[in-house]
Amino acid sequence: KKHKAVTTMRQLAPPIFVLYLLATSPILMIGNYAMLFGSFPLTVYLLMNVLFSVRFADRSKDIVQLMFVYPIMHVSYGLGYWKGIFDFMIQNKKPSETQKRLSR
């Protein structure tokens, strides 16, 4: 709505990830089968987190830092996206002129 452009699939991944985390948290407490099925995407995410942290780190201590940075970045992006949906779609707020400028 802000930029009058279509959202790409890449931009939808973090908000879907946040929705997944919120939706599966209670399910993971139900039982073993639910936990096994519900935790599969999270397991894949954590393995990819380790893989990319090792791949892009310069030093061994950077690996641990990157393993924290990626989830923080993805969850923050996802929460910000949901806040934007709430602000602009539900509350019908209008973006300021500063917000309308592209950040690219």
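The values are calculated or read from the model by the stated rules, or taken from the named source; none is laboratory data. Everything numeric in this text was worked out from a predicted model, so none of it was measured. Just so you know, the surface numbers come from the protein's heavy atoms only, side chains and all, with ligands and any DNA or RNA stripped out. Shrake-Rupley method; radii C 1.70, N 1.55, O 1.52, S 1.80 Å.
Legend: residues Phe88, Phe68, sorted from most to least accessible area (1.4 Å probe; ligands, DNA and RNA excluded), read Phe68, Phe88.
The listed residues Ser39, Ser76 rank as Ser76, Ser39 when sorted by accessible area, largest first, using a 1.4 Å probe. Average accessible surface for the range 8-59: 78 Å² per residue, computed with a 1.4 Å probe over protein heavy atoms with every protein chain in place.
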